[in-house]
């Protein structure tokens, strides 16, 4: 029988999980450790006010004092509102990889126009996008959208450097998203370049990425900090959605990260059908731990089919056509043995070395403790 965490939904399908004598998983304990590191309420507000003082001081006499990455989703759109509410001068940046839904694009325009925030759309050469996404599919890795995540961060760092801005706002929130296991989501630039050479014989010219050494340059030498405001501020996704709908005619796109069609395909087709991975286990567990829903409600939601069969088929056909991969080529990749990040070269060995450094040393590069470090301390492989 598949054991499930006594206070969350994490079960034995989650890599590195273990349970104590009361049936509580190490992932639940990990979540509590995050909460202790980043408490909300009065202490969270105090810490956030300190960050605001630095942002205003360092951004004085500049056109922008922060960069906000926007996808058209709940978290990033609400983050624009919060930045403006705090009297900041954000530049909104959207990465266009050719797969943004019309709803997402319209949402970005609605919110930036209403708030009078400048928007920069970072468009990637689509021939490179196709090669990158095909390489990850051929590599048979779980998170085939990993290179898009890398590209978003790289684009934000590049634009921050160009504008002389020291702060990037990221809408990540462990309380509503949880911590996905590394095996399910990890990717980095070393792996990206290796997979492109191996499976596509392709060299990138404009696709944004950053090596681990460039990451240190941005964070330490250039002093560009990627902040996560929701770690400090009271934030509930459903309340934010209602606010955005009411104030800006914002529209919901149907599910977590479904604002991008390729991401939706990865979540709804590739992960569950090839790997048996249901990422809702992680996100629903986080919502239970945060008190937004009951465990019983989460279990009931997990029983439901999260995706429409017709939509899944449409997304598959759309994606394959866009990346110029035949159904036969895709099915050949789909039937290959499943691989994970450790089956290919990556920077993981360096990250494990970094995780042994002092927290004060890490914070010279990042303003928060990377979740992968806490995961490594709580995991059994």
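Could you go through the stretch 271-279 and let me know if any residue there is assigned to a helix (DSSP H, G or I), surrounded by fewer than 20 Cβ atoms within 10 Å (Cβ to Cβ) and within 20 Å of the chain's Cα centre (by Cα). Lay out the reasoning, then the answer.
To start, the set of residues in the stretch 271-279 that are assigned to a helix (DSSP H, G or I) comprises 271-275.
With surrounded by fewer than 20 Cβ atoms within 10 Å (Cβ to Cβ) added as a condition, the list becomes 272-275.
Those left that are additionally within 20 Å of the chain's Cα centre (by Cα): 272, 275.
Scanning the stretch 271-279 turns up at least one residue that is assigned to a helix (DSSP H, G or I), surrounded by fewer than 20 Cβ atoms within 10 Å (Cβ to Cβ) and within 20 Å of the chain's Cα centre (by Cα).
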Scanning for something touching a helix residue (DSSP H, G or I) at 6+ places or on another chain (Cβ under 6 Å), within 28 Å of residue 289 (Cβ to Cβ) and either without any contact (Cβ under 8 Å) to a residue 24 or more places away in the chain or surrounded by fewer than 22 Cβ atoms within 10 Å (Cβ to Cβ) (or both), does the stretch 101-110 turn up at least one residue? no
All-but-one check, residue 321 against (1) assigned to a helix (DSSP H, G or I); (2) farther than 24 Å from residue 4 by Cβ; (3) at pLDDT 95 or above; (4) in contact with a helix residue (DSSP H, G or I) (Cβ under 6 Å, 6 or more places away or on another chain), failing number (4)
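This table checks each residue for (1) surrounded by fewer than 16 Cβ atoms within 10 Å (Cβ to Cβ); (2) in contact (Cβ under 8 Å) with a residue 24 or more places away in the chain; (3) within 21 Å of the chain's Cα centre (by Cα); (4) within 25 Å of residue 97 (Cα to Cα).
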residue: 263; (1), (2), (3), (4): no, yes, yes, yes
residue: 314; (1), (2), (3), (4): yes, no, no, yes
residue: 334; (1), (2), (3), (4): yes, yes, no, yes
residue: 349; (1), (2), (3), (4): yes, no, no, no
residue: 370; (1), (2), (3), (4): yes, no, yes, no
When restricted to 302, 267, the only residue in contact with a helix residue (DSSP H, G or I) (Cβ under 8 Å, 6 or more places away or on another chain) and at negative phi is 302
If only one of 159, 216, 152 is surrounded by 18 or more Cβ atoms within 10 Å (Cβ to Cβ) and either under 13 Å from the mean Cα position of the chain (by Cα) or modelled with pLDDT under 95 (or both), which one is it? 152
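Inside the stretch 163-253, counting only helices (runs of 4 or more DSSP H) that do not spill past its ends, which hold 3 or more residues that are touching a helix residue (DSSP H, G or I) at 6+ places or on another chain (Cβ under 6 Å), more than 25 Å from residue 367 (Cβ to Cβ) and in contact (Cβ under 8 Å) with a residue 24 or more places away in the chain?
On the way: elements: 174-177, 182-185, 189-195, 212-216, 237-248.
It comes to 237-248.
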Exception for residue 201 within (1) over 25 Å from residue 35 (Cα atoms); (2) at pLDDT 95 or above falls at (2)
Yes/no for residue 290 being closer than 25 Å to residue 11 by Cβ and surrounded by fewer than 20 Cβ atoms within 10 Å (Cβ to Cβ): yes
Looking only at the stretch 85-100, decide whether some residue is part of a loop (DSSP other than H, G, I, E, B), over 29 Å from residue 219 (Cα atoms), modelled with pLDDT of 95 or more and more than 20 Å from the chain's Cα centre (by Cα). no
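Residue by residue, here is whether (1) closer than 23 Å to residue 161 by Cα; (2) in a helix (DSSP H, G or I); (3) free of Cβ contacts under 8 Å to residues at least 40 places away in the same chain; (4) in contact with a strand residue (DSSP E or B) (Cβ under 9 Å, 6 or more places away or on another chain) holds:
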position	(1), (2), (3), (4)
45	no, yes, no, no
50	yes, yes, yes, no
55	yes, yes, no, yes
63	yes, no, no, yes
77	yes, yes, no, no
83	yes, yes, no, yes
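Does residue 282 satisfy the condition of being surrounded by 14 or more Cβ atoms within 10 Å (Cβ to Cβ) and at pLDDT 90 or above?
On the way: surrounded by 14 or more Cβ atoms within 10 Å (Cβ to Cβ): yes; at pLDDT 90 or above: yes.
Against the criterion (surrounded by 14 or more Cβ atoms within 10 Å (Cβ to Cβ) and at pLDDT 90 or above), residue 282 qualifies.
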Specify the residue that is nearest to residue 55 (Cα to Cα); the eligible residues are those in the stretch 116-131 that are touching a helix residue (DSSP H, G or I) at 6+ places or on another chain (Cβ under 7 Å) and free of Cβ contacts under 8 Å to residues at least 60 places away in the same chain. 117
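Name the residues in the stretch 24-37 that are surrounded by fewer than 19 Cβ atoms within 10 Å (Cβ to Cβ) and either in contact with a strand residue (DSSP E or B) (Cβ under 9 Å, 6 or more places away or on another chain) or touching a residue at least 60 places away in the same chain (Cβ under 8 Å) (or both), would you? Spell out how you get there, then give the answer.
Step one: list which residues in the stretch 24-37 are surrounded by fewer than 19 Cβ atoms within 10 Å (Cβ to Cβ), which gives 24, 29, 32-33, 35-37.
Of everything in the stretch 24-37, those that are surrounded by fewer than 19 Cβ atoms within 10 Å (Cβ to Cβ) and either in contact with a strand residue (DSSP E or B) (Cβ under 9 Å, 6 or more places away or on another chain) or touching a residue at least 60 places away in the same chain (Cβ under 8 Å) (or both) turn out to be 29, 32, 33, 35, 37.
How many residues does the stretch 65-75 contain that are part of a loop (DSSP other than H, G, I, E, B) and closer than 16 Å to residue 264 by Cβ?
Count: 3.
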Does residue 158 meet the test of being part of a helix (DSSP H, G or I) and farther than 30 Å from residue 333 by Cα? yes
If I filter the stretch 111-126 for residues that are under 18 Å from the mean Cα position of the chain (by Cα), surrounded by 17 or more Cβ atoms within 10 Å (Cβ to Cβ) and within 22 Å of residue 205 (Cα to Cα), do I get at least one hit? yes
Residue hits (the stretch 232-254; closer than 30 Å to residue 131 by Cβ and surrounded by fewer than 16 Cβ atoms within 10 Å (Cβ to Cβ)) are 254
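The values are calculated or read from the model by the stated rules, or taken from the named source; none is laboratory data. What you are looking at is a predicted structure, and each value in this text was computed from that prediction instead of being measured. Note that each Cβ is placed from the backbone with ideal geometry, even for glycine, and that neighbours are counted across all protein chains shown.
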